[in-house]
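The values are calculated or read from the model by the stated rules, or taken from the named source; none is laboratory data. Model, not experiment: these values are computed from the prediction. Counting neighbours? That spans all protein chains shown, and the Cβs are built from the backbone with ideal geometry, glycine included. These accessible areas exclude ligands, DNA and RNA; they are computed on the full protein's heavy atoms, side chains included. Shrake-Rupley method; radii C 1.70, N 1.55, O 1.52, S 1.80 Å.
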Amino acid sequence: MSNFLSTPGDYNRLIAFKKAMCVYDGTMFFTRRFMNASDRTVGQMQQAARSGKQNIVEGNVDGATSTYSNIHLLNIALGSLEELRQDFLDYLRVNNLSIWKVNSAKCQHARKACARHNEPEYYINAFETRTPETIANIMLVIIMQSITLTGRLLASRKEQFVKKGGKKEEMYRERKKYRDGDNSSSSNNETGINNSVAGEPVVEYGTSDELPY
């Protein structure tokens with residue numbers, strides 16, 4: 001029997017989802033530890049972090065029946081992550097704290113370490129001994145990596161749509177095959193795209209395993 005209604009893949013396997021989990025947990029740690037609970041920005045940052053993660057999940061699940069929903073929700077995830085990135089930049093700016101330049105030693109060090117780790121526990125343990133300035137800058141690195149991964153995942157879904165069409169077209173093809181007496185099983189991977197990790201970029205893993213202070 002055809003598996004054309006299967007989901008695009010187990011979202012738990014997606015690096016984009018794992019990185020979004022790191023973004024969410026890191027944001028919750030930061031806002032609870034260093035920001036005033038009465039500040040409206042706290043709720044907005046937490047919601048943006050949650051949206052970045054949950055829309056990857058929902059988009060992956062909804063992708064079983066709607067390519068449009070898959071692409072639409074990944075777009076929302078990207079918008080939420082960018083909103084969160086701006087909030088961390090604002091926190092550093094309005095508190096007169098430094099923002100690491102991309103080519104600075106600390107930023108390069110953080111990028112290599114963050115590329116190696118997609119476990120939220122790694123960051124929470126590291127944040128316990130670091131300053132708000134350092135943590136906010138590390139969060140910017142994690143968020144940018146999450147944006148990159150989610151963006152590439154979105155691009156792969158768009159590519160898949162161009163090659164295969166949407167779910168309605170796929171369902172029509174399956175119905176037509178049945179009417180024509182062709183009961184062979186179609187593969188959800190007929191385009192050659194590995195849907196479980198589709199479009200996720202190859203990360204340049206560095207040798208650093210320690211986040212900067």
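Determine the per residue accessible area of the stretch 1-115 with all protein chains present and a 1.4 angstrom probe, expressed in square angstrom.
Averaged over the residues of the stretch 1-115, the accessible area is 50 Å².
Please state, as a whole number in µm²/s, the translational diffusion coefficient that the Stokes-Einstein equation yields for the stretch 12-137 at 10 °C and 1.306 mPa s, with Rh defined as the Kirkwood radius across alpha carbon pairs. Display every interim value, and only then the final one.
On the way: Rh = 15.4 Å.
The diffusion coefficient I find is 103 µm²/s.
Scan the stretch 35-94 for GluC sites (Glu not before Pro) in coil per DSSP, keeping those whose Cβ has at most 13 other Cβ atoms within 10 Å, and list them by number. Intermediate results must be reported in sequence, preceding the final value.
On the way: sites: E58, E82, E83; in loops: none.
Passing sites in the stretch 35-94 do not exist.
By the scheme Lys and Arg +1, Asp and Glu -1, what is the net charge of all other residues having a beta-carbon under 14 Å from that of G52? Don't skip to the answer; put the middle values down first.
Working: positive: K18, K19, R50, K53, R85; negative: D25, E58, E82, E83, D87.
Combined, the nearby Lys, Arg, Asp and Glu give 0.
Picking from L84, S51, T67, whose Cα lies most toward the positive end of the charge dipole for the stretch 50-152 (charges on Cβ: Lys, Arg +1; Asp, Glu -1)?
L84
What trypsin sites (Lys or Arg not before Pro) in the stretch 58-146 are in a loop by DSSP, with at most 12 other Cβ atoms within 10 Å of the Cβ? Please list the in-between numbers first.
Details: sites: R85, R93, K101, K106, R111, K112, R116, R130; in loops: K101, R130.
Counting only loop positions with at most 12 other Cβ atoms within 10 Å, the trypsin sites (Lys or Arg not before Pro) in the stretch 58-146 are K101.
From the alpha carbon gyration tensor of the stretch 100-139, can you work out the equivalent ellipsoid semi-axes (sqrt of 5 times each eigenvalue) and give them in Å, largest to smallest?
On the way: eigenvalues 57, 36, 8 Å².
Each semi-axis is the square root of five times an eigenvalue, giving 17, 13, 6 Å.
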